[in-house]
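Working notes for the structure below.
Bear in mind that the values in this text are calculations on the coordinates, not laboratory data. Treat the numbers as computed from the prediction; the structure is a model and nothing was measured. Here the Cβ positions follow ideal geometry from the backbone for every residue, glycine too, while neighbour counts run over all protein chains shown.
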Number of protein chains: 2
Amino acid sequence: MFTLAEENYLKAIFHLENDCGTGVTTNAIADKMDTRASSVTDMIQKLADKKVISYQKYKGASLTKKGKSIAVNIIRKHRLWEVFLVEKLDFQWDEVHEIAEQLEHIKSNELIQKLDSFLGHPDFDPHGDPIPDTNGYIKPTEKKLLSKLKKNQQGICVGVKESSAKFLQYLDTRKIGIGSSIKVIDKEDFDQSMTIQVSNKQFFITKQISENLYLKTI
Amino acid sequence: MFTLAEENYLKAIFHLENDCGTGVTTNAIADKMDTRASSVTDMIQKLADKKVISYQKYKGASLTKKGKSIAVNIIRKHRLWEVFLVEKLDFQWDEVHEIAEQLEHIKSNELIQKLDSFLGHPDFDPHGDPIPDTNGYIKPTEKKLLSKLKKNQQGICVGVKESSAKFLQYLDTRKIGIGSSIKVIDKEDFDQSMTIQVSNKQFFITKQISENLYLKTI
DNA sequence: TTTAAAATTTAGACAAGACTAAAAAATAAA
DNA sequence: TTTATTTTTTAGTCTTGTCTAAATTTTAAA
Ligand SMILES: [Mn+2]
Ligand SMILES: [Mn+2]
Ligand SMILES: [Mn+2]
Ligand SMILES: [Mn+2]
């Protein structure tokens with residue numbers, strides 16, 4: 001069995017490894033977990049002892065098969081709970097992450113299996129992130145950052161990269177959500193800012209926004 | 001904010017104080033929490049510092065108003081989650097307690113308020129225990145232990161005193177549940193064993209059973 | 001009212017997880 | 001290829017919550 005702290009480290013390492021492809025550094029983990037490098041070293045040594053990561057001194061860490069499976073299961077729980085909170089309890093998409101951070105550590109396979117059924121086996125969470133299946137399989141989805149699109153290209157918003165409450169609330173004020181149709185009206189070469197159209201309204205966004213919105217191009 | 005361990009102590013003290021009326025002893029807590037008396041002493045000193053219990057050395061502990069309110073809130077959460085598990089996720093009444101022990105520590109007032117609405121503001125949990133309202137008020141219910149009934153008296157089962165999985169499963173095999181109509185057919189003076197009738201079937205139960213079933217007499 | 005037993009508290013230790021400060025290793029700069 | 005900088009690890013400390021063993025207090029028995 002794994003402690004809450006261990007589970008959080010595994011999840012963080014999974015996300016870092018997923019984003020950057022490679023094995024992850026001590027500092028990267030410390031940064032993500034908002035803790036000190038020395039604490040990370042302690043923990044990754046413990047996780048290596050438990051065979052959930054492979055690790056050599058000074059060389060960073062990467063999840064073993066077992067570690068990945070634990071991490072993915074936590075992510076599955078996190079996302080299912082987020083669906084529950086939004087679909088059943090009428091939370092907004094910017095309100096659920098913190099609560100799901102707690103709920104993801106509840107230990108009961110039966111619970112998750114039943115929750116999944118109750119929700120109708122959803123494929124995506126409220127932020128457009130895919131929900132791993134029971135075997136930990138994550139269906140690969142083709143999605144592109146809005147920032148990669150050129151003038152006149154368009155697509156449907158299928159997810160957000162950052163999912164902080166502040167960013168999600170910003171999107172709400174612009175009426176952008178999962179499913180929104182977005183078209184690039186103009187793109188400034190100098191700073192990558194854009195004018196976009198969302199359901200017949202046009203407005204201006206910075207690179208910081210376009211780099212955090214995933215579209216499925218059409 | 002209170003830690004998981006602190007919350008569990010407060011809950012245990014509440015239940016002990018509720019059952020026995022009086023302030024509770026170190027040993028009683030140790031027994032209930034399945035821990036050592038010395039650990040309990042440490043914790044009740046900390047809880048006394050935090051003003052959630054009143055305590056003098058060697059004299060036992062009892063909850064302050066603040067402590068009681070925290071304990072009741074945890075119990076409210078526990079019971080609401082149990083309702084959720086049974087009503088929405090189709091768990092059996094003997095399967096929910098352990099999971100609720102985890103869920104009761106999730107911190108979010110908004111969550112509990114929304115869960116309560118979602119469940120339709122239930123008054124009782126699956127074991128017949130009353131669910132405290134938002135203000136911590138627990139509606140007093142008149143219920144009597146089956147063991148107190150005399151021959152030929154009858155009532156409706158409204159709760160269980162013990163709620164271990166084993167006991168609940170025993171009740172299942174006898175088709176006894178919340179709402180069952182139970183009549184005392186015969187009562188043995190010597191050992192308090194009974195013959196009871198539950199929906200036209202008669203059978204024999206020991207004192208251990210009758211002391212753990214609450215009835216509303218009719 | 002002494003003495004014995006039981007209950008409770010203290011003292012000291014340990015594991016988990018964090019931190020700071022210092023040492024060691026790896027990288028980058030000169 | 002030395003030197004300087006950054007990254008990572010180690011050493012030592014702290015807090016929370018637990019434990020055992022010993023001391024103290026309370027309660028029960030003689
Ligand atoms: Mn989330
Ligand atoms: Mn999400
Ligand atoms: Mn319960
Ligand atoms: Mn219950």
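Here, P(r) means the percent of Cα pairs in each 10 Å bin from 0 to the largest distance; for chain B it is 8, 30, 31, 23, 8, 1. Between residue A:156 and residue A:121, the FRET efficiency from the beta-carbon distance, with R0 = 22 Å, is close to 0.50.
Each label was represented as a point 7 Å from its Cα along the Cα-to-Cβ direction; for residue B:201 and residue A:199 these points are 5.7 nm apart. Sorted largest first, the principal axis extents computed over the alpha-carbon atoms of the protein assembly as shown equal 93, 48, 40 Å. Only one residue of B:54, B:5, B:33 has its Cα farthest out toward the positive end of the dipole of the range B:4-63, where Lys and Arg carry +1 and Asp and Glu -1 on Cβ, and that residue is B:54.
With coordinates expressed along the principal axes, the C-alpha atoms belonging to the range B:108-147 extend over 41, 19, 15 Å, beginning with the largest.
Computed from Cα atoms alone, the Kirkwood hydrodynamic radius reported for the range B:154-215 is 11.6 Å.
Summing +1 for each Lys or Arg and -1 for each Asp or Glu, what net charge is found among the other residues whose Cβ lies under 12 Å from the Cβ of residue A:204?
Numbers: positive: A:174, A:187, A:201, A:207; negative: A:186, A:188, A:191.
Result for the local shell: +1.
Debye-formula intensities of the range B:32-145, expressed as log10 I(q)/I(0) at q = 0.11, 0.18 Å⁻¹, are -0.45, -1.00 (one equal scatterer per alpha-carbon, no solvent). One compactness figure for the range B:4-63 is 0.95, namely its Cα radius of gyration divided by 2.2 N^0.38 Å. The convex hull drawn around the Cα atoms of the range B:74-139, when projected onto a plane and averaged over every direction, covers 3.9 nm². Sorted shortest first, the distances from the residue A:186 label point to those of the same residue in the other copies are 9.6 nm; each point sits 7 Å from Cα along Cα-to-Cβ. Taking the C-alpha atoms only, the angle from helix A:109-118 to the longest principal axis of chain A is near 20 degrees. In nanometers and ordered shortest first, the copy-to-copy spacing of the residue B:153 label point, defined 7 Å from Cα toward Cβ, is 8.0. Give the angle, between 0 and 90 degrees and rounded to the nearest 10, that separates the Cα long axis of helix B:65-83 from the longest principal axis of the Cα atoms of chain B. In chain B, helix B:65-83 runs at an angle near 50 degrees to the longest axis.
Between residue A:133 and residue A:174, the modelled label-to-label distance comes to 3.5 nm, taking each label 7 Å out from Cα in the direction of the beta carbon. What's the FRET efficiency of residue A:188 with residue B:165 using the Cβ-Cβ distance as r and R₀ = 51 Å, to the nearest 0.05? With R0 = 51 Å, the Cβ-Cβ based efficiency is 0.20. Sparsely packed loop sites in the range A:51-122 (the chymotrypsin sites (Phe, Trp or Tyr not before Pro) outside DSSP H, G, I, E and B with at most 12 other Cβ atoms within 10 Å) comprise A:58. Comment: the Cα-to-Cβ extended label point of residue A:173, at 7 Å, lies 6.5 nm from its counterparts in the other copies, nearest first. Annotation for residue B:19 and residue B:3: the two label points, set 7 Å from Cα along the Cα-Cβ direction, are 2.5 nm apart.
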